[in-house]
1. Output the number of the condition that Lys77 fails; it satisfies all remaining conditions of (1) closer than 16 Å to Cys122 by Cβ; (2) of a type in the set (Lys, Arg); (3) free of Cβ contacts under 8 Å to residues at least 24 places away in the same chain.
2. Name the one entry in Glu173, Glu144, Glu160, Glu112 that is of a type outside the set (A, V, I, L, M, F, W, C) and under 18 Å from Cys23 (Cα atoms).
3. Does region 85-107 contain any residue that is over 15 Å from the mean Cα position of the chain (by Cα) and within 30 Å of Ala178 (Cα to Cα)?
4. Tell me which residues, restricted to region 1-44, are over 15 Å from the mean Cα position of the chain (by Cα) and under 30 Å from Leu182 (Cα atoms).
5. Which ranges mark the strands (runs of 3 or more DSSP E) fully within region 3-115 that have 2 or more residues being surrounded by 20 or more Cβ atoms within 10 Å (Cβ to Cβ) and out of contact with any His (no Cβ under 9 Å at 6 or more places or on another chain)?
6. Those residues that are within 16 Å of the chain's Cα centre (by Cα) and without any contact (Cβ under 8 Å) to a residue 60 or more places away in the chain, I need them from region 108-117; list them, please.
7. Among the residues of region 58-106 satisfying the criterion of being aromatic (Phe, Trp, Tyr) and farther than 25 Å from Cys166 by Cβ, which is modelled with the lowest pLDDT?
8. Which ones in region 75-113 are out of contact with any Leu (no Cβ under 6 Å at 6 or more places or on another chain) and over 25 Å from Ile129 (Cα atoms)?
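The values are calculated or read from the model by the stated rules, or taken from the named source; none is laboratory data. Computed from a prediction, not measured in an experiment: that's the story for all the values here. Here the Cβ positions follow ideal geometry from the backbone for every residue, glycine too, while neighbour counts run over all protein chains shown.
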Amino acid sequence: MNGLFEAAAEVGGFMSDRGWRYCLIGGLAVQRWGEPRTTLDADIALFTGWGGEEAFVDAILERFPSRVGDGREFALKHRVCLIRAFNGKDVDISLGALPFEAEMMQRARIVEFAPGVRLPCCTAEDLFITKAFAGRPRDWLDAESIVVRQKRLDNNYILEQLADLCALKDVPELLEKARRLLLEKP
């Protein structure tokens, strides 16, 4: 089994045991919905809401070693908990609180990534949204690969959710770039 999927399964099991809402995002989800590529870490979105993050971060850091000096302070400030699974692989846990993130968790589906490795994974649409909103060059390549591989994306859902997110960050150019990518399919 790929070490990153093993790490994601370990962390996911920890979260499932506590009844936490989470799903895979990032490079491992791209392997499901876009063009498979190498990735150096497992990315997991965990819904914490606003104001209760400490309890989640404390539980995670009690179980898994942090990859940064003051992991708790870093996680609370940047809303991402950087840990290392027991097999030595890196896992980034994003602390979600936005309505979109709650809906992403709700829409996530169990995917079998390897024999016996079943994890909740965000939908192709939600992955596209997260990639477009991040807006880095690698993310746009991933978003394009999702459009190429997935013949039936719910463009209305994507553009509606992305419009709300882009308004929060005041980055309308990301929405326009996403719209072009979706409507002019590569």
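1. All conditions pass for Lys77, except number (1).
2. Glu112
3. Checked region 85-107: no residue is over 15 Å from the mean Cα position of the chain (by Cα) and within 30 Å of Ala178 (Cα to Cα).
4. Glu35, Pro36, Arg37, Thr38
5. Result: 22-25, 41-47, 80-84, 90-96.
6. Residues satisfying the conditions are Arg109, Ile110.
7. Phe86
8. If the condition is that a residue be out of contact with any Leu (no Cβ under 6 Å at 6 or more places or on another chain) and over 25 Å from Ile129 (Cα atoms), then Arg84, Ala85, Phe86, Asn87, Gly88 are the ones that fit.
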